[in-house]
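Input: a single structure, listed below in C-alpha cells.
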Amino acid sequence: MLEYVIVKISTDDGIIGIGESVSDIGFFGETLEEVKMAIDRYLGPRLIGLDPFDREQILYQLDFRGNSCARSGIDMAVHDLIGKALGTPVSNLIGGRCRERIEVALEIGGDARELTDMCEKYMAQGVRAFKPKIGGYPDEDALKLKAIRETVGRDVKIRADANQGYTPKEAIRLCRLAEKYDVGLELLEQPVGYLDLKGMAEVRSAVDVLIEADESGYCIQDAMNIIRQGAADVINIKLEKVGGLYNAKKMAALAEAAGLQCVVGTAFGLGNTVAAKLHLAASTMIIADAVELTELRLHDNLLAEPYDKLFRLPLKDGCLEVPRGPGLGVTLDEEKVDRYISTIID
Ligand SMILES: [Mg+2]
C-alpha cells in the first residue's frame with residue numbers, strides 16, 4: 001500500500017515550503033506512523049529557528065541512521081521554501097538546467113502477456129521507456145524481455161529490475177540470454193542481494209549489460225562502496241533513499257567522478273515529488289534521459305492547475321516539462337488533499 005506524509009515548513013515571513021514523504025515498509029522499512037512521528041517529534045523540532053538557506057547545517061541536524069523518507073520530505077520542503085523566497089525554480093538552486101523536458105519511464109510487472117499488453121496500452125499514451133520487474137527465473141524472464149522487445153520495436157527503451165531476485169550465476173545467465181535474444185537492455189537493476197556487492201561486481205564483469213545498483217545504494221557512503229568494489233555501472237538515485245535533493249546531488253557527483261551513470265528511480269509521489277525529480281534530472285548532466293515516474297499510471301496527483309493535468313498520462317512526446325515557477329513550481333490542491341487525509345489511531 002502506498003501512503004504519504006505531506007511536509008510543510010513555514011518561516012516567520014509566512015513562506016511555506018511543501019515536500020512529501022512516502023512510506024513503504026516493503027522497500028524502505030518505514031511505516032506511515034514512523035515517518036510522521038520521526039518528523040513531528042524528532043526531526044522537525046531540530047529545525048526550528050534555523051535559516052532554511054543553511055542546507056548543510058540542516059542536513060547535519062538530520063544526519064541520523066534511517067528515516068531517509070522522513071528526511072527526504074523535509075529536504076524537499078526546504079528546497080521549495082528557498083525557491084519561493086528567491087522567486088526561482090528549485091533547478092536553479094541545484095545546478096540550473098541542461099534540459100527542459102524529461103522523458104518518462106514506467107515500471108510494469110506481470111506475465112509475458114500482461115507485460116506486452118501494458119506496453120501497448122502505455123505506448124498509445126506516449127510512453128517510450130519501460131522497466132519490467134523480473135527475477136527468479138532467468139529463462140522465463142529472458143523470454144518476457146524478448147516478447148516486450150518484439151512488441152515495442154527498436155525505438156523504445158527497456159530496462160529491467162530484478163529487485164535482488166537472482167544469484168550471480170542466474171543474473172549472468174539472464175544477461176546472456178537477453179543478449180542472445182537481442183533485447184537491447186539499457187540496464188539490469190539490482191540483480192543480486194543488496195549487501196552482496198561482490199556478487200554485483202561478478203555479474204558486472206561477466207556481461208556487457210550495464211548493471212545498476214538500487215537497493216545497494218541508499219546513502220552517499222553506499223555509493224562510495226559500490227564505486228570502490230566496482231559493483232555497478234549505474235546508480236539508481238531515489239530522493240527517499242538518499243534523504244532528499246541535497247544528498248542526491250552529492251551522490252550524483254560521486255558517480256560522475258567515478259565515471260558512472262545515474263538513473264532517477266521511482267518511490268512514488270503525489271505531485272511534489274514528481275516536480276522534485278524533474279528539477280533533479282534537469283539540473284544533472286549524468287542522469288539518464290528517462291526518469292522513472294510509475295505513479296503516473298498508479299494514481300492521481302494532488303496538485304492544482306495546471307499540473308493536475310500536466311503530470312498525468314497521456315504524455316506529449318513521452319516527456320514531462322520541468323516546472324518554471326518558484327520553488328518546486330507546483331501547488332497542492334488543498335481541497336483534494338482534505339479528501340484523502342487519514343487519522344493515525346494508536
Ligand atoms: Mg529497483
| field | Distance between modelled label sites at Asp51 and Asp317, nm, 7 Å Cα→Cβ extension | value | 4.0 nm
| said: Tell me the volume per residue, in Å³, of the convex hull enclosing the alpha carbons of segment 261-337. | reply: 89 Å³
| task | Ratio to report: Rg/Rh of segment 188-253, with Cα atoms as the point set and Rh obtained by the Kirkwood method; give two decimals. | result | 0.96
| What nm distance separates the two modelled labels at Arg324 and Ser205, each placed 7 Å from Cα along Cα→Cβ? | 5.1 nm
| note | FRET efficiency (Met1, Ala257; Cβ distance; R0 51 Å; to 0.05) is 0.85
| said: Within a 10 angstrom radius of the beta carbon, how do Arg41, Arg149 rank from fewest other beta carbons to most? | reply: Arg41, Arg149
| said: Compute for segment 93-321: radius of gyration divided by Kirkwood radius, i.e. Rg/Rh, restricted to C-alpha atoms, rounded to two decimals. | reply: 0.95
| said: For the chain, what does the helix formula give at 222 nm: sum of -39500 (n - 2.57) over DSSP H segments with n ≥ 4, over the residue count, nearest 500 deg cm²/dmol? | reply: -11500 deg cm²/dmol
| said: Give me the one-decimal nm value for the distance between modelled label points at Phe64 and Glu140, 7 Å along each residue's Cα-to-Cβ direction. | reply: 4.2 nm
| remark: Counting only DSSP beta bridges fully inside the chain, the antiparallel percentage to nearest 5 is 40 percent
| When a footprinting reagent is the concern and you count Cβ atoms within 10 Å, what order do Cys175, Cys119 take, fewest first? | Cys119, Cys175
| Given the Cα-Cα distance of Asp111 and Lys8 and 0.36 nm per residue of separation, how much length would full extension add, in nm? | 33.0 nm
| said: Can you tell me the length gained on complete extension of the stretch Glu179 to Glu120, counting 0.36 nm per residue apart and subtracting the Cα distance? | reply: 18.9 nm
| task | Could you tell me what fraction of 2.2 N^0.38 Å the Cα radius of gyration of segment 47-119 comes to, as a two-decimal ratio? | result | 1.64
| remark: At q = 0.13 Å⁻¹, the log10 of I(q)/I(0) for segment 45-195 from a Debye sum over equal Cα scatterers comes to -0.78
| said: Semi-axes of the equivalent ellipsoid for segment 187-346, please: Cα gyration tensor eigenvalues, times 5, square-rooted, ordered largest first, whole Å. | reply: 32, 17, 14
| field | Glu3, Glu202, Glu140 arranged by Cβ crowding within 10 Å, fewest neighbours leading | value | Glu140, Glu3, Glu202
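Every number here is computed from the coordinates shown, using simple stated rules; none is lab data. The structure displayed is predicted, hence computed values, not measured ones. No Cβ is skipped: glycine too gets one built from the backbone with ideal geometry, and neighbour counts run over all protein chains shown.
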